[in-house]
Amino acid sequence: MEIGQTLQKYNFTFKKKWGQNFLTDQNLLRAIVSDAGVDKDTTVVEIGTGAGALTRAIAERAKRVVSFEIDRTLAPVLSETLAGVENAEVVFADFEKYDLNALEREIGEYVVVANLPYYVTTPIVMKLVEEGENCRGITVMVQEEVAARFAAREGTADYGAVTAAIALFGSCEVTRRVPRTMFVPRPNVDSAVVHIQRQARFQVDRKAYRAVVRAAFFNRRKTLVNNLIAAFGMPREQAESLLSELGIEKSARGETLSPDMFCRLTQKMIDSQILFRQGQNKIS
Ligand code: SAM
C-alpha cells in the first residue's frame, strides 16, 4: 500500500505546528541517504520519522536506525509502513528535549539524518554540534535560506554564530536543492540538503569558543571589541590590545572573523585568563 493510502486509512491529519511535509520520491530519498555517507556499519539517528519513507530508505543501507518522532498519532501508520524493517526502531519523543548523553551511551558512534520543521532545525543542529560527542556527521534538509546560513563564508550577511559553531564541528556543504513540489503537502519554500562532516580542524576549548562566538554576535550592530567588553567585563585597553595582537582592526565586527580567527581569539583569551577568570560563569 502507498504511504498516502496508509495515512488515509488511519485518518491521519497533517499538523502544521510540527512541519509535517513528507517526502515520497524514492530517488530523492536514496540520494539523501547517499549524501549522508551511510553504509552497513553505520548507526543512524533520524529525527522526524514522519510516515517512515526516509527511515525505510536509510534502513536499506544502514546497520541500525533509531528514529525520533514527536507525533504519537503516527504510531499505527508506522507499524504498517515500517513492517518487516528489522533494523529500525521509532522513539516517540521530542528530540530537542531528549537526553543526548543517554542516547550516545546506548548507541555509540552515529550520524544524523533529518528532515525537520524549519523552526527546530537550527536548535537541534546547534545541540548536535555543541554537545554531540559521538556524532560523526549531520545531513539535514533545511529551508534554502537556512542552508545559506549554515554554509556561509565570513564577511557575508549570512555568516553568524550558527555558522561559526558548525565550522568548529566540521566542514559544511550544500549537497542538493529540493524544490517545494517534492513535498506532500507542499510548503511555501524551497529546501536544500546540507551535509556537515565532523573534522578535527581546530584545537580549542569548545565551551570557551562558544562563549566568544556568542558574545561576538550578541549585538551585530556593535563592534567586536564592544561586544567582548559587554560580555566579559574586560577593560577596553585590554580588549583592544588583544585584538591588535591578532591583527584584528579595532572597528571590526564579529562577522568578519573566520572560524580559525575565532579559535585564535578564544585561545588568546584563555591564555590571558580573561575567559576563565572573568567570564567563568558565562562559560559554564
Ligand atoms: N522524515 C519524514 C519525511 O522525510 O517524509 C518526515 C519529515 S517532516 C518534514 C518532519 C517530521 O518531524 C514530522 O513528522 C514531525 O512530526 C516531526 N517532528 C517535528 N518536531 C520534532 C521534534 N522536536 N522531535 C522529533 N520529531 C519532530
Restricting to the range 77-103, name every residue that is surrounded by fewer than 14 Cβ atoms within 10 Å (Cβ to Cβ) and more than 27 Å from the chain's Cα centre (by Cα). 79, 83, 84, 86
What are the residues in the range 37-47 that are assigned to a loop (DSSP other than H, G, I, E, B), in contact with a helix residue (DSSP H, G or I) (Cβ under 8 Å, 6 or more places away or on another chain) and not β-branched (Val, Ile, Thr), if any? 39, 40
Selection from the range 58-85 of residues in contact with a helix residue (DSSP H, G or I) (Cβ under 6 Å, 6 or more places away or on another chain), without any contact (Cβ under 8 Å) to a residue 40 or more places away in the chain and either near the ligand (Cβ under 9 Å from one of its atoms) or not aliphatic (A, V, I, L, M) (or both) yields 61, 67, 68
Output the number of residues of the range 221-270 satisfying the condition of being farther than 14 Å from residue 163 by Cα and assigned to a loop (DSSP other than H, G, I, E, B). 14
How many residues of the range 158-201 are farther than 18 Å from residue 125 by Cβ and touching a residue at least 24 places away in the same chain (Cβ under 8 Å)? The answer is 8
For the range 129-150, which positions are in contact with a helix residue (DSSP H, G or I) (Cβ under 8 Å, 6 or more places away or on another chain), away from the ligand (no atom under 12 Å from the Cβ) and of a type in the set (A, V, I, L, M)? 129, 138, 146
Filter the range 57-89 for residues that are part of a helix (DSSP H, G or I) and among the hydroxyl-bearing types (Ser, Thr, Tyr) and give the result. 73, 79, 81
Which residue out of 7, 54, 28 is more than 24 Å from residue 137 (Cα to Cα), in contact with a strand residue (DSSP E or B) (Cβ under 9 Å, 6 or more places away or on another chain) and in a helix (DSSP H, G or I)? 7
Unique residue being more than 16 Å from the ligand (Cβ to nearest atom) and under 30 Å from residue 19 (Cα atoms) when the list is 184, 174, 204: 174
Screening 35, 25 for residues that are within 14 Å of the ligand (Cβ to nearest atom) and surrounded by 17 or more Cβ atoms within 10 Å (Cβ to Cβ) leaves only 35
Can you work out which of the residues in the range 89-100 that are more than 9 Å from the ligand (Cβ to nearest atom) and out of contact with any Asp or Glu (no Cβ under 8 Å at 6 or more places or on another chain) is farthest from residue 5 (Cα to Cα)? 99
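Every number here is computed from the coordinates shown, using simple stated rules; none is lab data. Here the structure is a predicted model, which means the values were calculated and not measured. Note: ideal-geometry Cβ built from the backbone for every residue, glycine included; neighbour counts use all protein chains shown.
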